[in-house]
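Colleague: Next up is a structure, given as structure tokens.
The values are calculated or read from the model by the stated rules, or taken from the named source; none is laboratory data. All values reported here derive from a predicted model rather than from experimental measurement. Note that each Cβ is placed from the backbone with ideal geometry, even for glycine, and that neighbours are counted across all protein chains shown.
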Amino acid sequence: MATRSEISPKAAAASARERRGTAVETPIRPAVDIREDGEGITVCADMPGVSKERLELRVEANTLILEGSARLELPENAEALYADVRSSTYRRTFALSGELETDKIEANLKDGVLTVHIPKRRELRPRKIDVRAA
Amino acid sequence: MFPIGSSAADSPFEELWRLQQQVDELFGAWASPSGGIRSLPQGSFPAVNIGHTPERVEIYLFAPGVDPKTLDISIQQNLLTVAGRRDIPTDERATYYRQERFSGEFRRVIALPEDVDPDRVHARYQDGIVQIGVERREAARPRQIEVH
């Protein structure tokens, strides 16, 4: 007679499937461009399907966190035929350095592209040094 | 979207391979990313998802930052072609640390199921996703046959 601790291979497989089914999906790491000029650093991230309401941008302990979830308008009874994109959430983080003014971050989201500008502290911006002709 | 569960125990490569196998088995060669003759390598821009119902096929192109006016969408029988461009200007004075985002022209040809009606197509663009819906022909839909 089977005791409770014994699990048939079939049941184990089923429970593994169940665990996988309920697992949190792995977020997509959005493609980014990062550039720096005298004023600060600008990050552009591809986050298609994310609207302003579904975007979460924050700084936690000097880490810039980009998060969002995409919404696809799928008909109710739709089945997948093919999928390059297998997750509906995005997440990417960047460590910031001290010369950046994290409380003055500006962000813009348009057509699924997030642009984040992080200014540098004024006193740390490069100054052009003029060389006077003798 | 179409999440497929993942198990943390597998290595990422194993996981990817397994997913690929599943996709190939489930959807057949015509739609298979690895097997379709017109398929593009993984990571090509724009990424594509396709869903279907008995009434229509819905195609989603993940094309952020693309001006919808520059998109050229055409359908010939069951072959859908989407072409366009995304130009990302480079700031000459800036230092770039990462340039991962696609810039330039793109074209994707997608083989849809044979029963789509090329005369009944609609497309829209929102939040960087192009959604194209193609109706299927009546005859191909499953019909309930009543027994009298």
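Colleague: From B:50, B:73, which residue is within 25 Å of residue A:50 (Cα to Cα) and more than 12 Å from chain A (Cβ to nearest Cβ)?
Modeller: After applying the criteria, what remains is B:73.
Colleague: So in the stretch A:23-35, with the set limited to residues that are without any contact (Cβ under 8 Å) to a residue 24 or more places away in the chain and surrounded by fewer than 18 Cβ atoms within 10 Å (Cβ to Cβ), which one is farthest from the other protein chains (Cβ to nearest Cβ)?
Modeller: Per the criteria, the residue is A:24.
Colleague: Here's another thing I want to ask about it. Counting just the residues of the stretch A:69-97 that are among the aromatic types (Phe, Trp, Tyr) and touching a residue at least 40 places away in the same chain (Cβ under 8 Å), which one comes out surrounded by the fewest Cβ atoms within 10 Å (Cβ to Cβ)? Reasoning before the result, please.
Modeller: Step one: list which residues in the stretch A:69-97 are among the aromatic types (Phe, Trp, Tyr), which gives A:82, A:90, A:94.
Those still in the list that are touching a residue at least 40 places away in the same chain (Cβ under 8 Å) too: A:90, A:94.
Details: A:90: 24, A:94: 18.
The extreme case among them is A:94.
Colleague: What's the number of the condition residue A:126 fails, among (1) assigned to a strand (DSSP E or B); (2) in contact (Cβ under 8 Å) with a residue 24 or more places away in the chain; (3) more than 7 Å from chain B (Cβ to nearest Cβ); (4) not acidic (Asp, Glu)?
Modeller: Only one criterion in (1) assigned to a strand (DSSP E or B); (2) in contact (Cβ under 8 Å) with a residue 24 or more places away in the chain; (3) more than 7 Å from chain B (Cβ to nearest Cβ); (4) not acidic (Asp, Glu) is unmet by residue A:126, namely (1).
Colleague: Would the stretch A:47-58 turn up any residue that is under 20 Å from residue A:115 (Cβ atoms), at pLDDT 95 or above, part of a strand (DSSP E or B) and within 12 Å of chain B (Cβ to nearest Cβ)?
Modeller: yes
Colleague: Follow-up question, since we're still on this one. Collect the residues in the stretch A:98-134 that are among the basic types (Lys, Arg) and surrounded by 12 or more Cβ atoms within 10 Å (Cβ to Cβ), keeping them in residue-number order.
Modeller: A:104, A:110, A:120, A:121, A:125
Colleague: Inspect all residues belonging to the stretch B:109-126 and state whether any of them is assigned to a helix (DSSP H, G or I) and out of contact with any helix residue (DSSP H, G or I) (no Cβ under 6 Å at 6 or more places or on another chain). Give the steps one after another, and end with the answer.
Modeller: Here is the first cut: in the stretch B:109-126, the residues assigned to a helix (DSSP H, G or I) are none.
Checked the stretch B:109-126: no residue is assigned to a helix (DSSP H, G or I) and out of contact with any helix residue (DSSP H, G or I) (no Cβ under 6 Å at 6 or more places or on another chain).
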